[in-house]
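Quick note: the coordinates plus some simple rules give every number you see, no bench work behind them. Owing to the predicted nature of the structure, the values given are computational and were not obtained by experimental measurement. Cβ: placed from backbone, ideal geometry, glycine included. Neighbour counts: every protein chain shown.
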Amino acid sequence: MIVLKGISKTYASVAALRDVNLSIPDGSIYGIIGRSGAGKSTLLRIMSLLETPDSGEVYYDAERVDTLRGRELLERRRKMGMIFQNFNLLGSRNAAANIAYPLEIAGLHKKVIDQRVDELLELVDIKDKRRARLRELSGGQKQRVAIARALAATPQALFCDEATSSLDPQTTRSILSLIRDLQQRLKITVILITHQMEVIREICHDVAVLDEGTIVEQGTVASVFEAPQTQAARELIHA
Ligand code: ADP
């Protein structure tokens with residue numbers, strides 16, 4: 001369970017988040033939606049410990065994690081995976097070497113890394129692309145490499161930041177189906193932010209609606225999408 005209690009974050013004079021409270025159950029696929037500037041990325045960065053809140057607390061199960069520093073913080077961060085709209089892969093490395101990267105940083109032996117990379121390539125169904133250069137891969141294949149890299153250290157949570165926003169509809173469906181499949185096989189928690197309502201409908205169990213830094217609505221996707229209670233949610237869902 002990931003729990004946020006009273007999270008606030010201000011940049012200069014902009015209140016990006018205001019008193020956000022949120023509980024994300026283990027094993028759920030949780031969507032966060034909101035218009036541009038609503039605070040989604042800030043929330044994701046705080047949840048994934050890339051940024052600290054000005055006030056409030058972040059818990060992973062019973063452990064408070066927003067106060068971790070140094071080595072403890074690094075170790076905690078290794079236990080979470082992240083994927084992005086633009087993949088954030090290293091252009092100088094082939095597919096396998098991109099997936100190996102976090103394992104190298106963690107100091108594992110080459111033999112262990114090679115074996116794990118093979119497992120991961122198989123997991124995301126691109127075994128034949130082991131030695132492919134990035135420029136030889138399609139967008140969907142690049143996102144598969146990025147997912148494999150994100151899962152390399154067997155994280156408990158996978159954070160997806162607009163992960164399908166640069167993909168065509170068919171590739172989007174195949175990546176979403178992979179994420180759903182991985183969630184079930186690995187029992188991880190998936191948290192995703194997106195402006196694509198079809199992504200939420202397709203794979204999320206629950207959704208939270210952010211507006212001007214505040215969560216204005218949350219619940220099951222069925223309940224929020226069928227009967228949005230706020231103007232902000234209605235605008236997003238019926239856009
Ligand atoms: P979203 O992801 O929903 O588009 P963000 O979390 O990126 O929203 O941004 C929320 C608000 O905080 C915006 O007004 C944005 O301009 C501001 N903001 C976000 N990150 C920074 C930053 N590093 N420095 C200054 N302002 C920021």
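Taking amide H positions as placed 1.01 Å from N in the peptide plane, with prolines and chain starts having none, which residues 5 or more places from D206, or on another chain, fall under 5 Å of its amide H?
It is I29, G31, V221, by chain and number.
So what does the Cα-only Debye profile of the stretch 153-192 read at q = 0.35 Å⁻¹, as log10 I(q)/I(0), no solvent term?
-1.17
Calculate for the chain the 222 nm mean residue ellipticity that helices alone would give, adding -39,500 (n - 2.57) per DSSP H run of length 4 or more and normalising by residue count, nearest 500 deg cm²/dmol.
-11500 deg cm²/dmol
What's the magnitude of the charge dipole for the chain around its Cα centre, counting Lys and Arg as +1 and Asp and Glu as -1 at the beta-carbon? Answer in Debye, nearest 20. List each step's numbers first, then the result.
Working: 32 positive and 30 negative charges, 209 e Å.
The calculated dipole for the chain is roughly 1000 debye.
Pairs of alpha-carbon atoms within less than 8 angstrom and 6+ residues apart define the contacts here; what relative contact order does the chain have, in percent?
28 percent
Taking Cα pairs under 8 Å and at least six residues apart, what relative contact order does the stretch 1-96 come out at, in percent?
Once normalised by length, the contact order is 28 percent.
Can you give me the Kirkwood hydrodynamic radius for the stretch 66-117, using every pair of distinct Cα atoms, in Å to one decimal?
Hydrodynamic radius (Kirkwood, Cα pairs) of the stretch 66-117 is 12.6 Å.
What list of ³J(HN,Hα) couplings, whole Hz, do you get for the stretch 198-212 from phi and the Karplus terms 6.51, -1.76, 1.60, once you set θ to phi - 60° and write x for glycine and proline?
Rounded to whole hertz, the list is 5, 5, 4, 4, 6, 10, 7, 8, 10, 9, 10, 10, 9, 9, 6.
Please name which of L176, L123, L103 has its Cα lying farthest along the dipole of the chain towards the positive end, using unit charges on Cβ (Lys, Arg +1; Asp, Glu -1) and the Cα centre as origin.
Going by the charge dipole, the pick is L103.
How large is ³J(HN,Hα), in whole Hz, for each residue of the stretch 65-79 in order, when computed from phi with the Karplus curve 6.51 cos²θ - 1.76 cosθ + 1.60 and θ = phi - 60°, using x for Gly and Pro?
Each residue's phi maps through the Karplus curve to give 10, 6, 9, 5, 9, x, 4, 4, 5, 4, 5, 5, 5, 5, 8 Hz.
Could you give me the ³J(HN,Hα) list for the stretch 109-114, computed from phi with Karplus coefficients 6.51, -1.76, 1.60 and θ = phi - 60°, whole Hz, x at Gly and Pro?
Whole-Hz 3J(HN,Hα) from phi for the stretch 109-114: 6, 4, 5, 5, 4, 4.
Compute for the stretch 75-190: radius of gyration divided by Kirkwood radius, i.e. Rg/Rh, restricted to C-alpha atoms, rounded to two decimals.
Across the stretch 75-190, the Cα-based Rg/Rh ratio is 0.93.
Run the dipole for the stretch 178-229 about the Cα centre, Lys and Arg Cβ at +1, Asp and Glu Cβ at -1, nothing else charged, and hand back the magnitude in debye, nearest 20.
360 debye
Whole percent per 10 Å bin, from 0 to the bin with the longest distance: what is P(r) over all C-alpha pairs of the chain?
All Cα pairs considered, the percentages come to 8, 32, 35, 20, 5, 0.
For the stretch 147-238, what log10 I(q)/I(0) values come out of the Debye formula at q = 0.11, 0.12, 0.15, 0.25 1/Å, with one point per alpha carbon and no solvent?
-0.34, -0.40, -0.62, -1.34
In percent, how large is the relative contact order of the stretch 98-237, given Cα pairs closer than 8 Å and 6 or more residues apart?
17 percent
Positive end of the charge dipole of the chain (Lys, Arg +1 and Asp, Glu -1 on Cβ, about the Cα centre): tell me which of G34, L50, A153 has its Cα farthest that way.
Farthest towards the positive end: A153.
Quick one: Cα convex hull volume of the stretch 27-117, Å³ per residue?
So the per-residue Cα hull volume is 157 Å³.
Under 29 Å Cα-Cα from K110, which lysines qualify once same-chain neighbours fewer than 8 residues away are excluded?
K79, K127, K129, K142, K187
List every residue whose amide H lies under 5 Å from the amide H of A132, counting only residues 5 or more places away in sequence or on a different chain, with H placed 1.01 Å from N in the peptide plane.
Those lying under 5 Å, H to H, from A132 are A95, A96.
Using the Cβ atoms and a cut-off under 12 Å, what net charge is assigned to the surroundings of G70, where Lys and Arg are +1 and Asp and Glu are -1?
Working: positive: R69, R71, R76, R77; negative: E72, E75.
Value of the local net charge: +2.
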